[in-house]
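Encoded as structure tokens, here's the structure I'll be asking about.
The values are calculated or read from the model by the stated rules, or taken from the named source; none is laboratory data. In this text, all values refer to a predicted model and were calculated from it rather than measured experimentally. Heads up, the Cβs are rebuilt from the backbone with ideal geometry, glycines too, and the neighbour counts pull from every protein chain shown. These area figures cover heavy atoms from the full protein model, side chains too; ligands, DNA and RNA do not enter into them. Shrake-Rupley method; radii C 1.70, N 1.55, O 1.52, S 1.80 Å.
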Amino acid sequence: MYGVGVAFQPSGASSSAGKSSKEKKRHDEDDEEEDDNEAKGVDAWERAYADERSWEDLQEDESGLLRPIDTKTLVHAQYRKRLLLRSSAGGSVVSRIQKGLIRYLYVVIDLSRAASETDYRPSRMAVVAKQAEAFIREFFDQNPLSHVGLISIKDGLAHRLTDIGGSPEAQIKALMGKLECSGEASLQNALELVHGYLSQIPSYGHREVLILYSALNTCDPGDIMETVQRCKKAKIRCSVIGLSAEVFICKHLCEETGGTYTVALNESHFKELLLEHAPPPPAIAEYAAANLIKMGFPQRGAEGVVSICSCHKEAKVGGGYTCPRCKVRVCELPTECRTCGLTLVSSPHLARSYHHLFPVAPFDEVPPHGRPGQRLPTACFGCQLSLVGQGVQPILRVSCPKCNQHFCLDCDIYIHESLHNCPGCESQRISAV
């Protein structure tokens, strides 16, 4: 329990006349407001909801029933803000920026005593675990050729939870089984552990670290500045998302290694900041040179055949994949053959990585009543749903800057997040052929 102490000066004419009546009144009002909040039992996270006054958004229809709150416009506005920020980061040459498609990422999760704080509900640890699970799934969806590993820091030590691999289910299962908070956080030990593993990554792989940091300090055994310089020399991009407040050493680490440092305001903001790390970042200049990478496309093993898995060193029946070079069995793709070292992928993985090289340009918002002399289409070109509003409120729509076809808000998100191709542009290309 933290208290507030007030120091009083000895009584005297000079001290009593030091404060004006205006200042006394302001202090009295602040004290009354604090007393009211304490009397009501209102915490900081509760005041955030009270300030929004979301109950004022409720509306009744003709029969007196409550209308459902339309959050589609708000979600779409937030999505377009992220999309425009992502596209403006590369300027006018966004399509010519080389991306790191083969990424080796270690997610470092702070499980120190600070992660048990309850300013996030129910706790920082629970929020981080929930959003880390969503991030891992989204990461593998957008980066099918990449690999992820998990590291935890607590009791002044760093522990590797999982080897770096390409299976989201294995990573999530290992994370959920190790959620215990204790001791202090050691940023240096985490960086030393990550440096030892990522320094062995091939030159074509992009080395990254994402640290989800809850503590306000770091308990290190040596000079962390030397560790930061070693990470910089090894071309390891370090990014940090803080859950409490800005810490100088975290900011210095990100500036030195070319990463990003952000501090989350609440759970939704933390989720937004975390998902910004899912798309591949621009490649570091030293890695921008084109390299040919030898890959193998293994065949699916026949059902009912017993073989020894090279991943787990045990016999398994059916399934798995056979390395085309050394003929050993692996359980999942993508991976690296532990016998011959060949990178094993499937053709869908390459196809899903292709869209990052040529992203769909952000669509333009169309005015509600169109431009002068322009006739607006009555249906969405993608889903064919009507774009004509039944009431006075018009339906929001967007248009592709290349083919000028109009789309609804749901199709806009689907095209940029999942399809990665504009149906209007593709139909024109097919008709031209």
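Considering every residue within the range 338-349, establish whether at least one is within 25 Å of the chain's Cα centre (by Cα), modelled with pLDDT under 85, closer than 20 Å to V148 by Cβ and surrounded by 13 or more Cβ atoms within 10 Å (Cβ to Cβ).
For the range 338-349, residues within 25 Å of the chain's Cα centre (by Cα), modelled with pLDDT under 85, closer than 20 Å to V148 by Cβ and surrounded by 13 or more Cβ atoms within 10 Å (Cβ to Cβ): present.
Could you grab me the full set of residues in the range 106-125 that are open to solvent by 40 Å² or more (accessible area, probe 1.4 Å) and in contact (Cβ under 8 Å) with a residue 40 or more places away in the chain?
R113, S116, E117, D119, R121, M125 - these are the residues of the range 106-125 that are open to solvent by 40 Å² or more (accessible area, probe 1.4 Å) and in contact (Cβ under 8 Å) with a residue 40 or more places away in the chain.
Give me the pairs: first residue in the range 152-173 and without any contact (Cβ under 8 Å) to a residue 12 or more places away in the chain and closer than 16 Å to L111 by Cβ, second residue assigned to a loop (DSSP other than H, G, I, E, B) and among the polar types (S, T, N, Q), beta-carbon distance under 9 Å, and six or more apart or on different chains, which are they?
Within 9 Å, no pair qualifies.
Being buried (at least 19 other Cβ atoms within 10 Å of the Cβ), more than 16 Å from A170 (Cα to Cα) and among the hydrophobic types (A, V, I, L, M, F, W, C) is the filter here, so list the residues in the range 309-336 that pass it.
C323, V328
Considering the range 206-223 alone, what residues qualify as being surrounded by fewer than 21 Cβ atoms within 10 Å (Cβ to Cβ) and either under 24 Å from A264 (Cα atoms) or of a type in the set (G, A, S) (or both)?
Narrowing the range 206-223 to residues surrounded by fewer than 21 Cβ atoms within 10 Å (Cβ to Cβ): 216-217, 219-223.
Correct list: L216, N217, C219, G222.
Can we say K178 is out of contact with any Phe, Trp or Tyr (no Cβ under 6 Å at 6 or more places or on another chain), of a type in the set (D, E, K, R) and touching a residue at least 40 places away in the same chain (Cβ under 8 Å)?
Details: out of contact with any Phe, Trp or Tyr (no Cβ under 6 Å at 6 or more places or on another chain): yes; of a type in the set (D, E, K, R): yes; touching a residue at least 40 places away in the same chain (Cβ under 8 Å): yes.
Yes; evaluated as a whole, the condition is true for this residue.
If you go through the range 169-178 one residue at a time, how many are open to solvent by less than 70 Å² (accessible area, probe 1.4 Å) and modelled with pLDDT under 90? Give the steps one after another, and end with the answer.
Restricting attention to the range 169-178, the residues satisfying the condition of being open to solvent by less than 70 Å² (accessible area, probe 1.4 Å) are 170-172, 174-175, 177.
Now drop any that are not modelled with pLDDT under 90, which leaves 170, 177.
So the count comes out to 2.
Also, quick follow-up: Check the range 401-418 and report whether any residue there is open to solvent by less than 60 Å² (accessible area, probe 1.4 Å), within 28 Å of H147 (Cβ to Cβ) and of a type in the set (S, T, N, Q).
No, the range 401-418 has no match at all.
Going by the conditions given, is I241 among the β-branched types (V, I, T), in the same structural domain as A132 (by the TED database), under 23 Å from I201 (Cβ atoms) and modelled with pLDDT of 95 or more?
Working: among the β-branched types (V, I, T): yes; in the same structural domain as A132 (by the TED database): yes; under 23 Å from I201 (Cβ atoms): yes; modelled with pLDDT of 95 or more: yes.
Yes, satisfied.
On the given criteria, is Q384 surrounded by fewer than 13 Cβ atoms within 10 Å (Cβ to Cβ), over 26 Å from P280 (Cβ atoms) and at pLDDT below 85? Don't jump to the end; show me each part of the working.
Working: surrounded by fewer than 13 Cβ atoms within 10 Å (Cβ to Cβ): yes; over 26 Å from P280 (Cβ atoms): yes; at pLDDT below 85: no.
No: the conditions fail for Q384.
While we're here: Out of A158, A190, report the one residue that is farther than 30 Å from K294 by Cβ and more than 22 Å from the chain's Cα centre (by Cα).
On the way: A190 fails: more than 22 Å from the chain's Cα centre (by Cα).
Being farther than 30 Å from K294 by Cβ and more than 22 Å from the chain's Cα centre (by Cα) holds for just one of A158, A190, which is A158.
So A264 passes all but one of these: (1) out of contact with any helix residue (DSSP H, G or I) (no Cβ under 7 Å at 6 or more places or on another chain); (2) free of Cβ contacts under 8 Å to residues at least 24 places away in the same chain. Which condition number does it fail?
(1)
In the range 181-201, how many residues are open to solvent by less than 40 Å² (accessible area, probe 1.4 Å) and free of Cβ contacts under 8 Å to residues at least 24 places away in the same chain?
Residues that pass the stated criteria total 1.
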